[in-house]
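Below is one structure; the comments refer to it alone.
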Amino acid sequence: MFENRYISNKQMQREYVEHVICRKLILQGRLLSVLFFVLAYYCYASGSEKDATLIFFWGVLMMGVSIVTPIVIRRKLEKKSKEVWKEDIATTVVFGDKIKITKGSQKNTLEYTDVQQIYFLKHIIALSVSKYDGIFLSREGFVKGDAEAFASWIEEKCKNAKVVERRK
């Protein structure tokens with residue numbers, strides 16, 4: 001059995017937003033930006049400065065969206081969390097026959113089969129249960145077990161879950 005307790009901080013929220021919630025948007029935005037910049041260069045080199053300028057603008061716009069969107073989402077999450085909780089409250093996640101999550105007076109239970117994706121990041125381990133819903137654990141917050149033992153255990157327990165990213 002594993003148990004994780006933590007108080008969410010900006011670093012953890014940032015990692016969750018950038019690597020879990022906005023992962024695809026950031027990747028697609030940056031790839032499209034590079035494509036637009038290459039296309040703009042090609043247009044400029046072939047003498048079409050007007051088209052090159054317009055395409056370059058789209059590249060800058062895509063890059064801006066991939067940078068600004070995670071910041072906006074993180075701020076909205078922080079604001080919503082402050083509205084709901086008013087103060088920093090510890091979250092406790094216990095892994096037994098089910099995943100039991102307690103934050104303040106709220107309690108939730110998940111089945112291991114609900115976990116669709118697992119992210120092993122620098123400061124957190126995130127368990128995604130849907131496109132926009134999941135839980136994250138602090139790597140430093142294990143009061144029963146440790147992060148390394150948990151990583152191999154949760155992969156075994158959630159056989160249907162896809163390990164999306166590993167960072168240390």
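Assuming residue 119 fulfils every condition listed in (1) within 20 Å of the chain's Cα centre (by Cα); (2) farther than 22 Å from residue 147 by Cβ; (3) of a type in the set (Ser, Thr, Tyr) apart from one, which condition is it?
Tallying (1) within 20 Å of the chain's Cα centre (by Cα); (2) farther than 22 Å from residue 147 by Cβ; (3) of a type in the set (Ser, Thr, Tyr), residue 119 fails exactly one: (2).
When you go through 60, 20, 38, 65 one by one, which is the residue that is outside the structural domain of residue 101 (by TED's automatic domain parsing), out of contact with any helix residue (DSSP H, G or I) (no Cβ under 8 Å at 6 or more places or on another chain) and more than 30 Å from residue 147 (Cα to Cα)?
38
Looking only at the range 7-64, count how many residues are under 30 Å from residue 102 (Cα atoms) and free of Cβ contacts under 8 Å to residues at least 60 places away in the same chain.
Residues of the range 7-64 that are under 30 Å from residue 102 (Cα atoms), as a first pass: 7-24.
Applying the additional criterion that residues be free of Cβ contacts under 8 Å to residues at least 60 places away in the same chain yields 9, 18, 22, 24.
Matching residues across the range 7-64 total 4.
So residue 51 passes all but one of these: (1) of a type in the set (D, E, K, R); (2) surrounded by 13 or more Cβ atoms within 10 Å (Cβ to Cβ); (3) under 20 Å from residue 137 (Cβ atoms). Which condition number does it fail?
For residue 51, the exception is condition (3).
Within the range 47-54, is even one residue part of a strand (DSSP E or B) and over 14 Å from the mean Cα position of the chain (by Cα)? If you could, list the steps in order and put the result at the bottom.
Within the range 47-54, the first condition is being part of a strand (DSSP E or B), and the residues that meet it are none.
No - not one qualifying residue is present in the range 47-54.
The values are calculated or read from the model by the stated rules, or taken from the named source; none is laboratory data. Just so it is clear, the structure is predicted and the values come from calculations on it, not from any experiment. Backbone-built Cβ (ideal geometry, glycine too); neighbour counts: all protein chains shown.
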